[in-house]
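The block underneath contains the structure these notes are about, expressed in structure tokens.
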Amino acid sequence: MSMFQIFNVSGSAVSAQSQRLNVVASNLANADTVAGPDGQAYKARQVVFQTQLMGAGNDGGNAGVRVTNVTEDQTPGRRVLDPRHPQADADGYVTYSNVNPVEEMVNMISASRSYQNNIEVMSTAKSLLLKTLQLGQS
């Protein structure tokens, strides 16, 4: 693997984790919402990753990651009895989003750490390339 290919592989991971963090932020922002623009409760979204071969050689050693899809969780939303709420149904229940804030916080920490790790990989590769250039100057 070329040292420059490291930047492509880590860059793909940084991009994918950035999109994952955006989805987590959207989920957390809508954790307590009742109805979206379509009149239905917000459904939590999840990012789906897939391995992506990097480079023209496809020698099996250069694999990055890409986002293939953002799916909606079909788990039913939380129902709360509140007959006075303007969005209550005929039985007096209000359906909230199906976002689980604890799960989303775990996703946020995981995505954030993965993002930071890949930035560290790029930083280390940069340092190694600079050291290589310094060896050539001696």
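The values are calculated or read from the model by the stated rules, or taken from the named source; none is laboratory data. If you're wondering where the values come from, they're calculated on a predicted model, not measured in any experiment. Note: ideal-geometry Cβ built from the backbone for every residue, glycine included; neighbour counts use all protein chains shown. Just so you know, the surface numbers come from the protein's heavy atoms only, side chains and all, with ligands and any DNA or RNA stripped out. Shrake-Rupley method; radii C 1.70, N 1.55, O 1.52, S 1.80 Å.
Computed quantities for the displayed model
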{"item": "Qualifying strands (runs of 3 or more DSSP E) (wholly inside region 1-115; at least 1 residues being closer than 30 Å to Leu128 by Cβ, of a type in the set (A, V, I, L, M) and open to solvent by 80 Å² or more (accessible area, probe 1.4 Å))", "result": "45-53"}
{"item": "The listed residue being over 20 Å from Asn8 (Cα atoms), touching a helix residue (DSSP H, G or I) at 6+ places or on another chain (Cβ under 7 Å) and of a type in the set (S, T, N, Q), out of Asn107, Asn98, Asn118, Asn62", "result": "Asn107"}
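Rundown of residues vs (1) closer than 18 Å to Phe4 by Cβ; (2) modelled with pLDDT under 95, yes/no style:
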site	(1), (2)
Val70	no, no
Pro76	no, yes
Leu81	no, yes
Ile109	no, no
Ser114	no, no
Ile119	yes, no
Leu133	yes, yes
Gln137	no, yes
